[in-house]
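*Asks:* Encoded as structure tokens, here's the structure I'll be asking about.
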Amino acid sequence: MTEEITSPTGCNLQGHDGTPLACDCGGEGAPLLLFVHGWTCRRSYWLPQLEYFAPSWAVAAFDLPGHGDSRTGGRQKWGVKTLAADVAAAVEQLGAQEVILIGHSMGGAVALEAARLRPEVVKAVVLVDTFVIDYGGLPPETVQAIYEPFAADFPAAIAGLVEQTATEATPPELKQQLSREMAQADPTWALPLWHDLLSWDPAPAFNELKMPLHAINGALIPESARARCAPFVKETIIPGAGHFLQMENPAGFNRVLSQVLTAA
């Protein structure tokens, strides 16, 4: 039986610049599991994990600025490191002495950069299918080629992205949900954030961070990205899983994450 997720006073969060952040919190204990969603996604994509882990762990997930129920706050600069500053601010406000950051897709990149800002608190980082794109290995012309379809027709490009990162394990209704919800993002902030993400290089984080780094990956991680991460990240593979593996099979993913957390 799972514990109902509540929003206590301590979960009224703000970004590093004061932007209000919609948040869900529950459970108690240490370390805190802080879940970070991906680009154009939202905190509700972690709901099965919040419900599963709340009876045994303190858990939290919030909508990054512009995403889900969080507004932009008039923010002008959009990038991985800017969002990492929001996560670092949330860690401080949540008051946890130890935190494990769990980031899906772009959320993994944000989590790595946030760990650089709060290494004294972050006990481990778990990357969930973060390197489905080989960040750090994309030349500028490739970045531009990936970016341009989103600038030309944002909803169509989102639908294409969802389809390209799905496998036979991805339910059709989930693909429809993701295409619909992710396309609701405002291109005013989503496009510059996308370009910054595509240009992001994980090497500084990999070389600097000393805490354990884990990855839970599906079937789509390119070998070039796997080789880039291998010296720094311990990988667990869920065979056949698509990019949104925590939503495709929540029970199976939660079992794997439990094992990774035990190792962390």
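*Asks:* With springs only between Cα atoms under 10 Å, which of Ile100, Ile158, Ile238 fluctuates most in a Gaussian network model of the chain?
*Replies:* Checking each option, the largest mean-square fluctuation is seen for Ile238.
*Asks:* Hey, rough spin-label estimate for Arg180 and Ala251, points 7 angstrom out along Cα→Cβ, what's it come to in nanometres?
*Replies:* 2.5 nm
*Asks:* Each label point is 7 Å from the Cα along the Cα-to-Cβ direction; what then is the distance between the points at Arg226 and Glu141, in nm?
*Replies:* Reported label-point gap for Arg226 and Glu141 is 2.8 nm.
*Asks:* Picking from Ala241, Gly136, Ala60, whose Cα lies most toward the positive end of the charge dipole for the chain (charges on Cβ: Lys, Arg +1; Asp, Glu -1)?
*Replies:* In the chain, that residue is Gly136.
*Asks:* Among residues other than Gln14 whose Cβ falls under 13 Å from its Cβ, what is the net charge (Lys/Arg +1, Asp/Glu -1)?
*Replies:* Neighbourhood net charge equals -2.
*Asks:* Mind checking the dipole of the chain: about its Cα centre, +1 per Lys or Arg Cβ, -1 per Asp or Glu Cβ, Debye to the nearest 20?
*Replies:* The dipole magnitude comes to about 400 debye.
*Asks:* Within region 90-121, list the residues whose amide N lies under 19 Å from a label point set 7 Å along Cα→Cβ of Asn12.
*Replies:* 90-96
*Asks:* Counting alpha carbon pairs within less than 8 Å and at least 6 residues apart, what relative contact order, in whole percent, applies to region 47-185?
*Replies:* Across region 47-185, relative contact order equals 16 percent.
*Asks:* Right, here's the next one. Connecting C-alpha atoms closer than 10 Å in a GNM of the chain, tell me which of Gly26, Gly107, Gly73 has the biggest fluctuation.
*Replies:* Gly73
*Asks:* Determine the shape class of region 112-264: with a ≥ b ≥ c the square roots of the Cα gyration tensor eigenvalues, call it rounded for a/c under 1.5, and otherwise prolate if a/b is greater than b/c, oblate otherwise.
*Replies:* Judged from the Cα gyration tensor, region 112-264 comes out oblate (a/c at least 1.5, b/c at or above a/b).
*Asks:* Write down the percent of antiparallel bridges among all DSSP beta bridges whose residues are both part of the chain, to the nearest 5. Could the numbers behind the result be given before it?
*Replies:* Numbers: 7 of 30 bridges.
Restricted to the chain, the bridges split so that about 25 percent are antiparallel.
*Asks:* For the chain, modelled as a GNM with alpha-carbon contacts under 10 angstrom, which of Gly15, Gly74, Gly242 fluctuates the most?
*Replies:* Gly74
A short reminder: the numbers here are calculations on the coordinates, not readings from a lab. What you see is a predicted model, and the numbers here were worked out from it, not measured in a lab. All Cβ positions, glycine included, derive from the backbone under ideal geometry; neighbour counts span all protein chains shown.
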